[in-house]
Each structure stands twice: as C-alpha cells, then as structure tokens.
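Accompanying notes for the structure given below.
Just so it is clear, none of the values below were taken in a lab; they were calculated from the coordinates. Keep in mind that what you see is a predicted model, and the values were worked out from it rather than measured. Cβ: placed from backbone, ideal geometry, glycine included. Neighbour counts: every protein chain shown.
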Amino acid sequence: EAGVAQSPRYKIIEKRQSVAFWCNPISGHATLYWYQQILGQGPKLLIQFQNNGVVDDSQLPKDRFSAERLKGVDSTLKIQPAKLEDSAVYLCASSFNRGVGNEQFFGPGTRLTVL
Amino acid sequence: DAKTTQPTSMDCAEGRAANLPCNHSTISGNEYVYWYRQIHSQGPQYIIHGLKNNETNEMASLIITEDRKSSTLILPHATLRDTAVYYCIVRVRTGNQFYFGTGTSLTVIP
C-alpha cells in the first residue's frame, strides 16, 4: 500500500516570497491533515479536511496561509508571504475517516527554510 | 493545548523493556490516549491507543491506570531502531484532531 506522498521534500526561500506544498493522501482516505513542526517541538495541527470540506482551521494563520483540497483527494498548502518564523517541517497526514481509532498516516514532510 | 506531561528524555538498554510514562490528569471520560513515535527525519508513526483497558499489539503494550490519569507505554524488548521521540496524545476534540506535546526522546543504548 502506497503511503502519503509529499513534495517537495526540501524548499529554501527568502522572506516575503511565496511557497506551495503538495500532498497526495492514501487512496480512499477521506480525512486529510496539515501539521507544522518547528524544530524541537511536536507537530501542530494547522488544518483538517473531511473530503473537500474544512473541519478545523482554527490554528491556521489565515492572513498568510491557505490550503485547499478541491476534489477531495490531493491537497496544497500555500504560504504567502513567508516569514522567518515559518521555517519548519510541514507534515501531511491522512486517515480513513474522522472517528475514534482511525489511525493517522503521516508523510515524510517538507522541510522549509526561510532566509 | 497539549494535555499530557512526559519526561523530556530517557535511556534504555538494548533488549530490555522500555517503559515510557505519561500523565494526563485532566482527561475526560470519552477521551482516548494515543501513542505515536517519530524517528529522526520521518513523519510520526502510530503505535497504539486505548480508552480504559490495557491494550497490546505487535509493537507495544499500553497500561492505563484505573483512574485514567496516567498511562505507560511498554516496548517489551527495545532495539536500536526504537530510538525515537515518543508522543503521548489525548484526543481533546471530536473529529480525530491530535494535539502533540514535546514528547519523550528515547535513546536505546547498545
């Protein structure tokens, strides 16, 4: 079974530039999550989708971050414009559904460095 | 937002049992305890979860105290590949959202 795919794996940009990350979840998984993991910290949930609808985006900095999952499969996360403090690993995860016991499967992440 | 407390780091000798504690004193009756681990430069990996009863799978055992205020993850025979950061998570909302803390960095020593 193919896992969660993410690209690119690494990205270096200058502050105020824009960047986008792509995620392809496990086939058949209805729920998709984006997390931000700053060095030395645990992952922090940014946004959760159920199919193509947003379930929770309470921790997404909406002035600069946006995410979409238009067809309920792939998802993109965008930062515009980037700040130095956005340097982190961005993890995508998916689960079959939202209920208890639905294990989240994580991708390898995209490491973003903002200079 | 994390409602769990874990030691920052632990060591364990290879082949011995690793016992990782977690305090979740404010857990509600319908909240589950989940454990994930993160090996360096990889995404987190699911280990086990439970509500009230002790649980065991091919990776680990989860012991939850009767009052549910704490739990222990047990890796019965630790190997070098078990070196990772282990996260104890309480599901604090419906919808399967997880709130990770800083976890316990486990080092398995040869």
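Report the semi-axes of the equivalent ellipsoid for the protein assembly as shown in whole Å, largest first, where each axis is √(5λ) for an eigenvalue λ of the Cα gyration tensor.
30, 20, 16
If the label point is 7 Å along Cα→Cβ of B:T107, which residues in segment B:67-88 have backbone nitrogen under 15 Å from it?
Correct set: B:80-86.
Mind listing the phi-derived Karplus ³J(HN,Hα) values for segment B:62-67, rounded to whole Hz, using 6.51, -1.76 and 1.60 with θ = phi - 60°, and x for any glycine or proline?
Taking θ as phi minus 60°, the curve returns 10, 10, 10, 5, 4, 7 Hz for segment B:62-67.
So what J values fall out for segment A:93-108 if you push phi through Karplus, 6.51 cos²θ - 1.76 cosθ + 1.60 with θ = phi - 60°, rounded to Hz, Gly and Pro as x?
Karplus-based 3J(HN,Hα) across segment A:93-108 equals 9, 9, 9, 4, 7, 9, x, 4, x, 7, 4, 8, 9, 9, x, x Hz.
So what does the Cα-only Debye profile of chain A read at q = 0.10, 0.12, 0.16, 0.17 Å⁻¹, as log10 I(q)/I(0), no solvent term?
Summing over Cα pairs of chain A leads to -0.26, -0.38, -0.67, -0.76.
If one computes the Cα centroid of segment A:75-114 and of segment A:32-50, what distance in Å separates the two points?
Result: 5 Å between the Cα centres.
Alpha carbon centre of segment B:55-109 versus segment B:1-47: separation in Å?
When both Cα centres are located, 3 Å separates them.
Based on the alpha-carbon set only, what is the convex hull volume of chain B divided per residue, in Å³?
95 Å³
Check the cysteines of chain B one by one and keep only those with no other cysteine Cβ under 4.7 Å from their own.
B:C12, each lacking another Cys Cβ under 4.7 Å.
Would you please state which residues of segment A:58-88 a label at A:L115 would reach in this model, taking the label point 7 Å out along Cα→Cβ and a backbone N cut-off of under 17 Å?
Only A:82-88 pass the distance filter.
Report, as an integer, the average count of C-beta atoms from other chains found within 10 Å of each Cβ along B:36-46.
Counting other chains' Cβ atoms within 10 Å and averaging over B:36-46 gives 5.
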